[in-house]
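Below is one structure; the comments refer to it alone.
The values are calculated or read from the model by the stated rules, or taken from the named source; none is laboratory data. No experiment lies behind these values; they were computed from the predicted model shown. Backbone-built Cβ (ideal geometry, glycine too); neighbour counts: all protein chains shown.
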Amino acid sequence: MQLQNKTMWEHFQDRGLSRRTFLKSCLALTAVLGLSPSEFPRVAEAAETKKLPVVIWLHGHECTGCDEAFIRSTSPYTSDVILNMISLESSHLLSSAFGEAFNAHLEKTMEDYDSQYLLAIEGAVPLDDDGTSCMTGGHTFKHELEKVSAGAAAVIEYGSCATWGGIQAAAPNPTGSVTTSDVVKGKPVIKVPGCPPIPEVMTGVIMHYALFGELPPVDQVGRPLQFYGNRIHDTCYKRPFFDSGKFVEKFDDEGAKKGWCLYKVGCRGPVAYNSCGNMRWWEGLSYPIQAGHGCIGCSEKDFWDNDQFYDRLPSIPTPNAVIDADTVGLVGTAAVVGAIGVHAAITTFVNKHEQSKKDKEQKAHEAHIQDKQTVSKNDLGE
């Protein structure tokens with residue numbers, strides 16, 4: 001790859017892409033970044049004036065599933081991100097076959113863009129046995145990570161391995177794997193957890209940095225708010241079944257066939273923060289709950305050790321209350337019955353009020369007619 005020092009708009013022009021295509025891309029970016037349509041001019045201006053960010057992408061102790069997710073992004077397409085929107089100068093996955101030439105280019109990128117490049121990381125960092133369970137270029141991943149992160153402007157941790165340590169950090173953690181934040185110090189870091197993360201979340205985070213030169217706003221644990229600001233439970237299409245107390249008891253029961261809530265068979269949607277319920281996967285086609293399997297909370301810390309996947313959570317966090325799964329339906333029913341009672345009482349009151357008003361109007365009308373008849377008789381001298 002060749003180092004770039006151009007804007008996104010200049011890159012579009014070099015490739016013979018039209019202004020219309022450029023603006024359509026900016027509009028799509030505005031949506032995927034979770035920005036208001038009124039922010040479109042700001043996105044387009046940034047794409048015209050901001051230089052493409054130089055990106056170095058490292059891979060540690062992981063399965064490469066995050067890359068598999070990344071290449072399936074459709075808004076924007078991964079090819080557009082890599083070829084038109086960022087300058088990806090180094091990737092263990094894509095460049096490993098180049099050997100010494102790859103290492104030389106990595107060193108040159110770090111030297112030429114010191115304190116300017118964005119570092120993306122997949123995978124945990126094994127520390128036991130001197131880190132020898134994950135080696136690259138003859139060095140441990142810990143050594144490589146410390147060296148490359150020293151000159152980074154900011155760091156993106158992609159996937160639950162980088163953000164929380166991953167499955168390899170599950171008890172008893174034989175390799176002593178830790179998060180990249182346990183090794184990288186003194187740098188702005190944003191966490192993009194998930195096993196793997198949603199593709200459009202991955203591209204959205206990197207494009208926010210590409211356009212605005214800064215990481216997006218984060219929650220209390222460092223995740224981007226526009227993608228991790230809601231629980232899956234809050235956006236799940238099965239929520240009405242939860243509220244009415246209709247739960248699947250077994251994966252092959254009638255409730256499962258009718259698509260009822262999966263909470264009692266272990267769904268972690270009420271405690272998992274992610275965009276699966278609204279963005280979904282495969283161009284918005286589906287997500288695990290829609291496919292019939294409860295959420296396992298893969299974006300949450302230590303989800304592999306917290307509890308058994310198919311054991312229901314003991315309580316249900318709701319606004320201003322914690323409800324038991326066996327009573328939520330009763331509470332919902334009581335609320336419905338109460339609402340019906342209130343509605344009936346209001347309706348009765350309104351009806352009585354309207355009838356009383358009609359009776360008064362009728363009496364007034366009859367009195368008016370009687371008065372007219374009396375006047376007429378007086379006029380005739382009767």
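Some notes on this structure:
- In the set (1) in contact (Cβ under 8 Å) with a residue 24 or more places away in the chain; (2) under 27 Å from Gly213 (Cα atoms), Ala150 fails one condition alone, (1).
- Single residue of the range 1-25 satisfying the filter (touching a Phe, Trp or Tyr at 6+ places or on another chain (Cβ under 7 Å) and closer than 20 Å to Val55 by Cα) that is modelled with the highest pLDDT: Trp9
- Residues that are over 23 Å from Asn5 (Cα atoms) and among the β-branched types (Val, Ile, Thr) within the range 63-99 comprise Thr64, Ile71, Thr74, listed in sequence order.
- Filter pass, Ser36 being within 20 Å of Pro217 (Cα to Cα) and either free of Cβ contacts under 8 Å to residues at least 12 places away in the same chain or in contact with a His (Cβ under 8 Å, 6 or more places away or on another chain) (or both): yes
- Residues considered: Gly99, Gly131, Gly138. Of these, the only one that is out of contact with any Cys (no Cβ under 8 Å at 6 or more places or on another chain) and at pLDDT below 85 is Gly99.
- Enumeration of residues in the range 131-149 that are touching a Lys or Arg at 6+ places or on another chain (Cβ under 9 Å) and more than 22 Å from Trp304 (Cα to Cα): Gly131, His139, Ser149
- Scanning the range 146-161 for residues that are hydrophobic (A, V, I, L, M, F, W, C) and either farther than 23 Å from Pro196 by Cβ or buried (at least 23 other Cβ atoms within 10 Å of the Cβ) (or both) yields Ala150, Ala152, Ala153, Val155, Ile156, Cys161.
Here's the yes/no breakdown for (1) within 30 Å of Pro76 (Cα to Cα); (2) surrounded by fewer than 20 Cβ atoms within 10 Å (Cβ to Cβ); (3) within 20 Å of the chain's Cα centre (by Cα); (4) among the acidic types (Asp, Glu):
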site	(1), (2), (3), (4)
Arg268	yes, no, yes, no
Ser275	yes, no, yes, no
Trp281	yes, yes, yes, no
Leu285	yes, yes, yes, no
Pro288	yes, yes, yes, no
His293	yes, yes, yes, no
Gly297	yes, no, yes, no
Phe309	no, yes, no, no
Ser315	no, yes, no, no
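- Within the range 141-161, the residues that satisfy the criterion of being out of contact with any Cys (no Cβ under 6 Å at 6 or more places or on another chain) and part of a helix (DSSP H, G or I) are Lys142, His143, Glu144, Leu145, Glu146, Lys147, Val148, Ser149, Cys161.
- Condition check for Ala120: touching a Gly at 6+ places or on another chain (Cβ under 9 Å) and either in a strand (DSSP E or B) or crowded, with 23+ Cβ neighbours inside 10 Å (or both): no
- The residues listed here are Thr175, Thr140, Thr132; of these, the one that is touching a residue at least 40 places away in the same chain (Cβ under 8 Å) and of a type in the set (S, T, N, Q) is Thr175.
Conditions (1) in contact (Cβ under 8 Å) with a residue 60 or more places away in the chain; (2) on the phi < 0 side of the Ramachandran plot; (3) of a type in the set (Phe, Trp, Tyr), marked per residue:
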{"residue": "Lys258", "(1), (2), (3)": "no, yes, no"}
{"residue": "Gly269", "(1), (2), (3)": "no, yes, no"}
{"residue": "Ser275", "(1), (2), (3)": "yes, yes, no"}
{"residue": "Tyr287", "(1), (2), (3)": "no, yes, yes"}
{"residue": "Asp302", "(1), (2), (3)": "yes, no, no"}
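- Counted residues, the range 126-140 - those being buried (at least 17 other Cβ atoms within 10 Å of the Cβ) and part of a strand (DSSP E or B): 2
- Looking across the range 102-117 at every residue that is closer than 18 Å to His59 by Cα and in contact (Cβ under 8 Å) with a residue 60 or more places away in the chain, the one that is surrounded by the fewest Cβ atoms within 10 Å (Cβ to Cβ) is identified as His105.
- Restricting the first member to the range 222-238 and to residues that are over 14 Å from Tyr263 (Cα atoms), and the second to residues that are part of a loop (DSSP other than H, G, I, E, B) and hydroxyl-bearing (Ser, Thr, Tyr), the beta-carbon pairs closer than 8 Å and six or more apart or on different chains are Arg223/Ser299; Phe227/Ser275; Tyr228/Ser275; Tyr228/Ser299; Asn230/Ser275; Thr235/Ser275.
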